[in-house]
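First comes the structure, then the notes that go with it.
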Amino acid sequence: MPRRPAKSSRRGQIPAWPERQLSDILPWERSFRTRRDCGRSEFFLWRRISRASIASNDRNNGLQCMDSKAVNKEIRARIWPLLKDIGFSRFTPRTAWRYRGDKIDVLNFQSFNSYNASVLGITSFSFCVNLGSYLNYVPSKWPVKVKDGQPIPNEAECHFRRRLMRSVTSLGKEHADIWNVDEQGRNLLWCIQDVAEQLPDVEAWFDRLADKSEVLAILLNQDEDMNVLWGFGRNPSPSRSYLAGYVALAAGRLDLARMKLEEAVQSNCFKEQFGDVDSAIRRAI
């Protein structure tokens with residue numbers, strides 16, 4: 001009778017604890033992060049409970065077929081009501097708009113196609129969160145889409161922009177501006193909650209840009225910061241002169257407005273919009 005192959009490990013030896021990502025660890029598991037924290041029997045009991053709980057959680061939340069629709073559902077259920085409370089009134093599955101007199105606030109959850117997701121090493125239903133502030137008193141260089149009588153600029157068309165940074169640990173250490181949702185969606189609610197907790201900072205960012213004097217000071221003195229505020233061009237640049245001219249005009253600084261719009265005229269970047277300062281000013285009236 002052939003002999004049974006010898007076991008590769010000694011009796012009583014516990015298998016090595018597998019390396020786990022944050023998304024695999026449930027909140028109540030934190031005390032058992034390493035095998036050394038518990039005895040052998042406790043370890044195997046914890047493993048059975050953990051696997052059963054994860055499987056049950058996946059079934060209860062319908063995460064077996066994780067896709068962008070599941071992300072949209074959580075955005076609609078958990079983020080849009082919070083934005084409605086602070087005045088946002090128009091929504092698509094991924095974008096929200098708020099109309100505040102002479103400006104429009106935009107918040108967008110950016111998705112990824114399969115190719116970009118593959119290049120970045122993330123799932124296609126991972127997301128970024130983009131902010132944009134669109135100034136109605138700055139004449140648009142190109143027509144903005146209008147629906148039901150209201151302009152609905154996309155985030156890329158806004159004069160001031162920002163991308164949020166996640167504060168939770170994600171899969172991998174790269175891409176601090178991407179919430180990387182895992183294949184089963186186990187960390188989806190954590191990702192959504194992280195965005196929700198940043199909304200007070202988002203509101204403060206939008207409020208700052210509601211003050212024309214503050215906007216003008218930014219355009220005259222501040223450099224772009226890709227982590228906080230950007231989209232308005234280098235200083236100096238034709239784009240910066242264009243914006244500063246119209247913001248100064250709206251703030252009642254006519255002399256400064258004419259000087260900045262003259263810089264925009266001399267750049268020859270806005271020939272389709274105006275040919276001199278007076279025609280540039282007429283566009284804002």
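Worth a mention:
- Contour excess over end-to-end distance, with Cα ends at SER140 and LEU189 and 0.36 nm allotted per residue: 13.8 nm
- Taking 0.36 nm per residue of separation and subtracting the Cα-Cα distance, full extension of the segment from GLU203 to ASN235 would add 8.9 nm.
- FRET efficiency, 1/(1 + (r/R0)^6) with R0 25 Å, evaluated for MET226 and ASP67 via beta carbons: 0.25
- If R0 is 41 Å, the Cβ-Cβ spacing of ILE285 and ASP177 corresponds to a FRET efficiency of close to 0.55.
- Out-of-range pairs (alpha-carbon distance over 29 Å; input LYS84/LYS271; LYS147/LYS212; LYS69/LYS145; LYS147/LYS260; LYS84/LYS260): LYS84/LYS271; LYS147/LYS260; LYS84/LYS260
- Computed label-point distance, nm, for sites ASP211 and LEU120 using a 7 Å Cα→Cβ extension: 3.4 nm
- Dimensionless Rg/Rh of region 129-285 - Kirkwood Rh, Rg from C-alpha atoms: 1.06
- Point-charge dipole on Cβ atoms (K/R +1, D/E -1) for region 152-191, about Cα centre, debye to 20: 180 debye
Each reported figure results from applying straightforward, stated rules to the coordinates on display, with no laboratory input. Here the structure is a predicted model, which is why all the values come from computation and not from measurement. Cβ: placed from backbone, ideal geometry, glycine included. Neighbour counts: every protein chain shown.
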